[in-house]
1. If Val150 passes every condition in (1) over 23 Å from Glu43 (Cα atoms); (2) free of Cβ contacts under 8 Å to residues at least 60 places away in the same chain; (3) aliphatic (A, V, I, L, M) but one, which one does it miss?
2. Does any residue of region 82-98 turn out to be at pLDDT below 95 and small (Gly, Ala, Ser)?
3. For region 8-20, enumerate the residues that are buried (at least 18 other Cβ atoms within 10 Å of the Cβ) and of a type in the set (Ser, Thr, Tyr).
4. Give the residues of region 104-126 that are β-branched (Val, Ile, Thr), modelled with pLDDT of 95 or more and surrounded by 21 or more Cβ atoms within 10 Å (Cβ to Cβ), sorted by residue number.
5. Quick one: in region 127-140, which of the residues that are outside any loop (DSSP other than H, G, I, E, B) and free of Cβ contacts under 8 Å to residues at least 12 places away in the same chain is surrounded by the most Cβ atoms within 10 Å (Cβ to Cβ)?
6. Among the residues of region 22-41, write down those that are surrounded by fewer than 18 Cβ atoms within 10 Å (Cβ to Cβ) and modelled with pLDDT under 90.
7. Considering region 162-191 alone, what residues qualify as being outside any helix (DSSP H, G or I) and either farther than 19 Å from Glu148 by Cβ or in contact with a helix residue (DSSP H, G or I) (Cβ under 7 Å, 6 or more places away or on another chain) (or both)?
8. Considering only residues that are more than 15 Å from Ser106 (Cβ to Cβ) and either among the small types (Gly, Ala, Ser) or at pLDDT 95 or above (or both), look in region 141-165 and name the one that is surrounded by the most Cβ atoms within 10 Å (Cβ to Cβ).
Amino acid sequence: MNNKLDIETIINKIRNAEDVTLKPVTDIVALKISKGPYDGGPENNIIKAEKITAEYISDNYSTLDEFHKDLTILDGGIKGIEAIADKIYKYYKTCDHLDFDTVKGSISSKKDITLKIITDLVAYKISESKDDKGPDLNFISAETFVAEYVSKNFRNKKELESKISKLGKDMKGLNRFADIVYNHFANNKDK
C-alpha cells in the first residue's frame, strides 16, 4: 500500500479521542495484551496497544474512512469494535514485533542468539571504552542499548535480519551492527 497513514497521526487521534472508535478498539487490544504473554503492566500495555493499533490501520487501510467502512461491515457497534480488536491482536501476535520488552526478553533468555551475540559485542566495546563499569554492568547497559536501538529502528525480525545481512555475512555483519548500536549510544549519551 503506497498511501500509508502516518502511525504517529493515528496514535495522536487515539490519545486525543478525536475518533470515537479508535480509543475503545485500543482499550480492548490493551486488555487482550494484559491477559497474554506480552503483558507489560497497564501503562505499557496501553502504549503497546496504541502503537500496534496504529500500525495495523496504517498497514491495512489507506484512509480512516476505509477503516470505518470495514468496522461498519463487521457490525458497526461493540461487536464490530471487538472483531477489529481481535484482528489487531492476532496481527500483533503473528508479526514478530520487536518492541523493547520483547527484544530485552529475547536477549536475557538467550532465545535469540543473534541479539545475544550483538549484545555481547556491544558489551565488549563498552569494556574497551572509558565507560567500562565491569562485566555485569557493561552487559546490562549493552542489553538496554540493543533493545532500545532495535525496537526503535526495526518493526520486525525480518527487517532486522535484512539490515544485518546487508552489513556483511556471519560475524562481519553482526560486528558492524554492534558498531552501529555502540556508536549510536556513545554519540548520544550526553544529549
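The values are calculated or read from the model by the stated rules, or taken from the named source; none is laboratory data. Computed from a predicted model, the values in this text were never measured in an experiment. Virtual Cβ from ideal backbone geometry, glycine too; neighbours counted across all protein chains shown.
1. Tallying (1) over 23 Å from Glu43 (Cα atoms); (2) free of Cβ contacts under 8 Å to residues at least 60 places away in the same chain; (3) aliphatic (A, V, I, L, M), Val150 fails exactly one: (1).
2. Of region 82-98, the ones at pLDDT below 95 are 82-98.
Now narrow it down to the ones that are small (Gly, Ala, Ser): 83, 85.
There is at least one residue in region 82-98 that is at pLDDT below 95 and small (Gly, Ala, Ser).
3. Within region 8-20, none qualify.
4. Within region 104-126, the subset β-branched (Val, Ile, Thr) is 107, 113-114, 117-119, 122, 126.
Next cut, modelled with pLDDT of 95 or more only: 117-119, 122, 126.
Ile118, Thr119, Val122, Ile126 - these are the residues of region 104-126 that are β-branched (Val, Ile, Thr), modelled with pLDDT of 95 or more and surrounded by 21 or more Cβ atoms within 10 Å (Cβ to Cβ).
5. Looking only at region 127-140, we keep the residues that are outside any loop (DSSP other than H, G, I, E, B), and these are 127, 135-140.
Filter again for free of Cβ contacts under 8 Å to residues at least 12 places away in the same chain, leaving 127, 136-137, 140.
Values: Ser127: 16, Asp136: 9, Leu137: 14, Ile140: 14.
Out of the qualifying residues, it is Ser127.
6. Of everything in region 22-41, those that are surrounded by fewer than 18 Cβ atoms within 10 Å (Cβ to Cβ) and modelled with pLDDT under 90 turn out to be Ser34, Lys35, Gly36, Pro37, Asp39, Gly40, Gly41.
7. Within region 162-191, the subset outside any helix (DSSP H, G or I) is 168-169, 189-191.
Gly168, Lys169, listed by residue number.
8. Filtering first and then ranking leaves Ser141.
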